[in-house]
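The values are calculated or read from the model by the stated rules, or taken from the named source; none is laboratory data. Just so it is clear, the model here is predicted, and its values are computed rather than measured. Note that we place each Cβ from the backbone using ideal geometry, even for glycine, and neighbour counts take in every protein chain shown. Quick note on the areas: whole protein, heavy atoms, side chains included, nothing else; ligands and nucleic acids left out. Shrake-Rupley method; radii C 1.70, N 1.55, O 1.52, S 1.80 Å.
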Amino acid sequence: MLSNITNENNRCLQCKNPFCEDGCPVDTPIKEVIGLLKENKIKQAGEMLFENNPLSVITGLICPHEDFCEGHCILNRKGNPIQFGSIEHYVSNYYLKNLSFDIKADPNKKVGIIGSGPAGLTMAIILAKKGYDITIFEAHEKIGGVLRHGIPEFRLPNDILDRYHELLINMGVKIRPNTVVGPVLSIDDLFRDGYKSIFVATGTWKPRKLNIKGESLGNVYYAIDYLRSPLTHNLGEKVCIIGGGNVALDSARTALRNGAKDVKIFYRRSEEEMPSSENEIKYAKFDGVKFEFNKTPKEIKDNCVYFADTENILNEDGKPELKTIEDSGYCYEADSTIVSISQGPKTNIVDSAKDIKLNRLGLVIIDSTGKTTREGVFASGDVVTGAKTVVEAVAAAKLAAKTIEDYIEEKYNL
Ligand code: FAD
């Protein structure tokens, strides 16, 4: 591992205009970090990464690097980019192990953070470091959001999230687990109790339905629910997965690690059109996941799923359209089915705070700085953008953190 890191570091050309940095949503100073490592300054490199992105130990592991830094690296033109993700993870892991703070939070500067996924964690770390008095409200029993309750442990070990828990406690952050804001505590309650600002970072946890017959049968599950606790699901040996994104791939690979013998993903378009990352598709194939393309489900039965064939056509306006071919397809025998066709936000919070406006997809509307339509309430991450990536949630939370600071300073003179 270490020789791989040092090799990658030495291979970096230290370009005058580092395209890798242009490709990073959170503007990681890649060239400078590698420059420090070339001078054997790992602590400074770790600090630089953490200050820019408090979750760098995580993004180093699970960013779709091929779309971001590595995809933009000049050496990628010859198909051999610097694997900055490995460097980022190694250095950040080293740095995080020895990180601690001595902070005294100012009780007048209370900020409530709803949700402890990447957006909420980023906000908590940035503001706690600056002396804000932070409370995180988290619906689950442990922090992490999708990082803990979605992404499987073989891709992102939970002990990393346990370390973030310890770090937050060390920083004086208060965490209220098993607390869903909305049904009992409301945004109004939080303002009543002295929170100067509230940050909504609740992600997208409502599975999208197929709306076909059979979806409520006892052996049909939604991917986001399955991934939350795979061991509580009895999938049987032959599993059918419907959908073509990273969540479908994670479900398939998790099922194979938990007793399933034969797992097949059905996607309604072609392989080239799959929304999941190329690397994740490779890993899934390596793990033994099978695929079928251009198939759309019509009905789920107790022991099989009926699929019809699809094809891409040009409609009357000359626009490409996916068409289901009538009287085509077959019934695929399966012990269980996992539906993974994306997620949307739940409405817990806005049900009790109507002045926070949503768009037609149910996503929270913000301005370009992270302000929602209710004064003092800010939002970012998937609940604003729909399902995206960890690094994009971090970048958006950084921007919103600056907006919250400015707001509290201006409004309360603090
Ligand atoms: P989330 O991570 O969803 O966190 C929201 C938190 O809010 C949760 O902890 C939830 O319990 C809590 N919450 C919700 N409602 C309430 C409430 N009313 N009160 C209190 N708490 C509440 N991205 C990558 O970059 N790389 C990957 O490899 C990758 N793989 C993924 C795999 C899966 C299975 C999934 C689902 C997503 C994946 N993503 C990946 C996307 C990435 O995880 C998300 O974009 C990111 O987690 C969004 O962060 P967030 O903070 O907005 O929301």
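Please express the Cα-Cα pair-distance distribution P(r) of the range 2-97 as a list of whole percents, one per 5 Å bin, running from 0 to the bin with the greatest distance.
Per 5 Å bin, starting at 0, the Cα pair percentages come out as 3, 15, 28, 29, 19, 5, 1, 0.
Roughly how big is the range 349-414's charge dipole about its Cα centre, with Cβ charges of +1 (Lys, Arg) and -1 (Asp, Glu), in debye to the nearest 20?
220
Given a 1.4 angstrom probe, what's the average accessible area per residue across the range 2-97, in square angstrom?
Heavy-atom SASA per residue in the range 2-97 reads 48 Å².
Direction-averaged shadow area of the convex hull around the Cα atoms of the range 208-341, nm²?
Its average projected convex-hull area is 8.2 nm².
About the Cα centre of the chain, how large is the charge dipole given +1 on each Lys and Arg Cβ and -1 on each Asp and Glu Cβ? Please answer in debye to the nearest 20.
600
Write out the GluC sites (Glu not before Pro) in the range 124-188 meeting two conditions: DSSP loop, and at most 15 other Cβ atoms within 10 Å of their Cβ.
Passing both the DSSP loop test and the Cβ count: E141, E153.
Is the shape of the chain best called rounded, prolate or oblate, per the rule: a/c under 1.5 gives rounded, else a/b larger than b/c gives prolate, else oblate, with a ≥ b ≥ c the square roots of the Cα gyration tensor eigenvalues?
Oblate, since a/c reaches 1.5 and b/c is not below a/b.
If packing is taken as the mean number of other Cβ atoms within 10 Å per residue, what is the order of 4-16, 318-330, 116-128, highest first?
Highest-to-lowest ranking by the protection proxy: 116-128, 4-16, 318-330.
Positive end of the dipole of the range 208-341, charges at C-beta (+1 Lys, Arg; -1 Asp, Glu), about the Cα centre: which of L217, G244, F293 has its Cα farthest in that direction?
Checked the options; the winner is L217.
So how do F378, F191 rank on accessible area, 1.4 Å probe, biggest first, that is with the largest at the start?
Solvent-accessible surface, decreasing: F191, F378.
Sequence neighbours fewer than 8 away in the same chain don't count; with that in mind, list the lysines whose C-alpha is under 20 Å from K129.
K43, K97, K104, K109, K110, K174, K196, K398, K402
How much length is gained on full extension from K209 to N234, taking 0.36 nm per residue of separation minus their Cα-Cα distance?
Between K209 and N234, full extension yields an extra 6.9 nm.
Can you pull the one-decimal nm distance between simple spin-label points at L361 and E326, each 7 Å off the Cα toward Cβ?
3.3
Around P107, what is the net charge, scoring Lys/Arg as +1 and Asp/Glu as -1 over all other residues with Cβ under 12 Å from its Cβ?
Around P107, the surrounding residues sum to +2.
Report, for the range 208-341, the % of DSSP beta bridges that are antiparallel, rounded to 5.
Antiparallel: roughly 45 percent of the beta bridges in the range 208-341.
Among A105, S92, I74, whose Cα sits farthest toward the positive end of the charge dipole of the range 49-133 (+1 at Cβ of Lys/Arg, -1 at Cβ of Asp/Glu, about the Cα centre)?
Going by the charge dipole, the pick is A105.
If the cut-off is a Cα-Cα distance under 14 Å, which aspartates and glutamates reach K41, setting aside same-chain residues fewer than 8 apart in sequence?
Leaving aside aspartates and glutamates fewer than 8 places away in the same chain, those within reach of K41 are E32, E88.
Once the principal axes of the Cα atoms of the range 295-385 are found, what is the range along each, listed largest first in whole angstroms?
Taking the Cα atoms of the range 295-385, the three principal extents are 55, 40, 19 Å.
Taking the Cα centre of the range 47-177 as origin and charging only Cβ (+1 Lys, Arg; -1 Asp, Glu), how large is the dipole, in debye to the nearest 20?
So the magnitude is around 240 debye.
Please compute the length gained on full extension between L314 and K142, using 0.36 nm multiplied by the number of residues separating them and subtracting their Cα-Cα distance.
So the chain would gain 57.1 nm between L314 and K142.
Put a dot 7 Å past each Cα toward the Cβ at R163 and N258; how far apart are the dots in nm?
That separation, rounded to one decimal, is 2.6 nm.
Can you sort K354, K78 by 1.4 Å-probe accessible area, starting with the largest?
K78, K354
Cα extents of the range 119-182 along the three principal axes, largest first, in whole Å?
35, 26, 16
Please sort through the DSSP H helices of the chain and keep those with an alpha-carbon extent of at least 30 Å along the long axis and a Kyte-Doolittle average not below 0.0.
Taking the DSSP H segments of the chain (at least 30 Å long, mean hydropathy at least 0.0), we get 390-412.
How large is the accessible surface per residue of the range 208-341, computed with a 1.4 Å probe and reported in Å² as a whole number?
53
Do any chymotrypsin sites (Phe, Trp or Tyr not before Pro) in the range 53-138 lie in a DSSP loop with no more than 15 other beta carbon atoms within 10 Å, and if so, which?
F101
Provide I212, I365, I187 ordered by accessible surface of protein heavy atoms (probe 1.4 Å), highest first.
I365, I212, I187
Once the other residues with Cβ under 15 Å from the Cβ of K213 are scored (Lys, Arg +1; Asp, Glu -1), what is the net sum?
0
Using Cα positions and a limit of under 13 Å, work out the aspartates and glutamates in reach of K142, with same-chain residues fewer than 8 apart set aside.
K142 reaches D159, D162, E166.
Among P29, V364, F50, whose Cα projects farthest towards the positive end of the dipole of the chain, with charges put on the beta-carbon of Lys, Arg (+1) and Asp, Glu (-1)?
Highest projection toward the positive end goes to F50.
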